[in-house]
Amino acid sequence: ASVIACKAGCSACCHIQVEIHEAEARLIGDAAGRKPRQLPPGRHTTPAKQLGNQNTPCTFLDQGKCSIYEHRPFVCRDMAVLDVDALTCSFENMYLERMNDPRAVLVPELKMPPLRQALLEILQGSRSGAWADIRQFFP
């Protein structure tokens, strides 16, 4: 815990793209009591410039906390900022990064951890279904 900046109430990452498969959207919908929107098969990527600011909260963010925390997407479970503070997660830093400003501090992350890779291979191997940002399944 001493090397992870993520804490209750920190919700900056709840404003970035959270791409999930429709199978995961159905599980989340069942748990949340909401039916996900049906999308045609394929990838429905939200342009990054539309995300990563205070105006793009996750549909399930409620007063700074995840309302589906126990059922949150795998990509959210896999996200952790290994740092002493949340500077890299700040909206100001996200803006600087989007603008390719050299003052931006990049978020240190592992490249494709094994569990995420395995999940992607399983889901992509199905050759069907839709991939989209969680906000597109749950507007």
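The values are calculated or read from the model by the stated rules, or taken from the named source; none is laboratory data. Just so you know, these numbers come straight off a predicted model, no measurement behind them. Heads up, the Cβs are rebuilt from the backbone with ideal geometry, glycines too, and the neighbour counts pull from every protein chain shown. Ligands, DNA and RNA are stripped out before the accessible areas are found, and what is left, the full protein with its side chains, is counted by its heavy atoms. Shrake-Rupley method; radii C 1.70, N 1.55, O 1.52, S 1.80 Å.
Residues in region 1-39 that are at pLDDT 85 or above, open to solvent by 80 Å² or more (accessible area, probe 1.4 Å) and in contact with a strand residue (DSSP E or B) (Cβ under 9 Å, 6 or more places away or on another chain): 37, 38. Consider only pairs whose beta carbons are under 9 Å apart and that are at least six residues apart or on different chains; among these, list those whose first residue lies in region 41-57 and is closer than 11 Å to residue 16 by Cα and whose second residue is modelled with pLDDT under 75. What qualifies is 56/50. Residues of region 54-108 being open to solvent by 40 Å² or more (accessible area, probe 1.4 Å), in contact with a helix residue (DSSP H, G or I) (Cβ under 6 Å, 6 or more places away or on another chain) and in a loop (DSSP other than H, G, I, E, B), which ones? Of everything in region 54-108, those that are open to solvent by 40 Å² or more (accessible area, probe 1.4 Å), in contact with a helix residue (DSSP H, G or I) (Cβ under 6 Å, 6 or more places away or on another chain) and in a loop (DSSP other than H, G, I, E, B) turn out to be 54, 57, 59, 78, 79, 103, 105, 107.
The rows are residues; the columns are (1) touching a Pro at 6+ places or on another chain (Cβ under 9 Å); (2) in a helix (DSSP H, G or I); (3) within 22 Å of residue 64 (Cα to Cα).
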site: 20; (1), (2), (3): yes, no, yes
site: 25; (1), (2), (3): yes, yes, yes
site: 29; (1), (2), (3): yes, yes, yes
site: 39; (1), (2), (3): no, no, no
site: 43; (1), (2), (3): no, no, no
